[in-house]
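Novice: Can you read through this structure? Questions will come right after.
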Amino acid sequence: MSNPALPTGILPILDADWLERIAPASMPPEAVARLIHALAIPMVQLRAKGGEASARVFMTGWLKALRDHAPETKVILNDRLAWVLSLDADGVHVGQEDTPVETCRNALGAGRIIGLSTHTLAEIRQAEALGVDYIGFGPIFPTATKSDTHAVQGVETLKGMVEATRLPMVAIGGITLENLDAVAATGAHGAALISALWQADWERRLSAAVGSWRRG
């Protein structure tokens, strides 16, 4: 691994498509960033799968809010390698069909974080050989925030994969406040959440998720 800044705990994903569904006016970026700072959340991911112009506006706005109000939180861009340096983000997360890890590392050097989505033990072994900083693994439960999902893995498979690798592992897919304890019990380094956090009562949900994970 090239970077010591590893994800631990709750990894909020700010997804442009999801946020558009839930009255974005109720989630001012500055207020979200201030709570992220207060809760000492180490890393967030920005994801925007839409057009270039709207995605750039989304990521630029959220990155500024996080830099201004949560300066110690690492900000990872989902599959937007070309913008990591220009926006001064902390790294990139890619999927199996996205930009190759080797290309990401050549572009970003050793000082930025690279995460890779995995769904099988074979993909985890490949990730180890590629030298990524952390891996995502899932989906752990059925999820409604992505349409191109793989087979549901479950917590028992997650536990086995955590034990099978030295890489920090972030669980993703269908994780809720109700099943978060079961995910934490597997020994995973972190859990990525989208719909479980970003609702009208997002302040309560974010605080509850962090508290639950730390107790676990």
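Novice: Just name the residue that is surrounded by the most Cβ atoms within 10 Å (Cβ to Cβ) out of those in the range 41-89 that are of a type in the set (Gly, Ala, Ser) and in contact with an Asp or Glu (Cβ under 8 Å, 6 or more places away or on another chain).
Specialist: Among those that are of a type in the set (Gly, Ala, Ser) and in contact with an Asp or Glu (Cβ under 8 Å, 6 or more places away or on another chain), it is Ala48.
Novice: Contact list please: Cβ distance under 7 Å, first residue in the range 60-81 and free of Cβ contacts under 8 Å to residues at least 24 places away in the same chain and farther than 22 Å from Ala107 by Cβ, second residue outside any helix (DSSP H, G or I) and not aromatic (Phe, Trp, Tyr), pairs at least six apart or on different chains.
Specialist: none
Novice: Sticking with this one: Mind checking whether some residue in the range 171-186 is touching a helix residue (DSSP H, G or I) at 6+ places or on another chain (Cβ under 9 Å) and closer than 25 Å to Cys104 by Cα?
Specialist: yes
Novice: Could you pull out every one of the helices (runs of 4 or more DSSP H) wholly within the range 105-203 that has 1 or more residues that are among the hydroxyl-bearing types (Ser, Thr, Tyr) and at pLDDT 95 or above?
Specialist: 154-164
Novice: Check off (1) surrounded by fewer than 24 Cβ atoms within 10 Å (Cβ to Cβ); (2) touching a residue at least 12 places away in the same chain (Cβ under 8 Å) for Glu178 and give me the number that stays unchecked.
Specialist: All conditions pass for Glu178, except number (2).
The values are calculated or read from the model by the stated rules, or taken from the named source; none is laboratory data. Quantities reported herein were computed from a predicted structural model and do not represent experimental measurements. Glycine also receives a Cβ, built like all others from the backbone with ideal geometry; neighbour counts cover every protein chain displayed.
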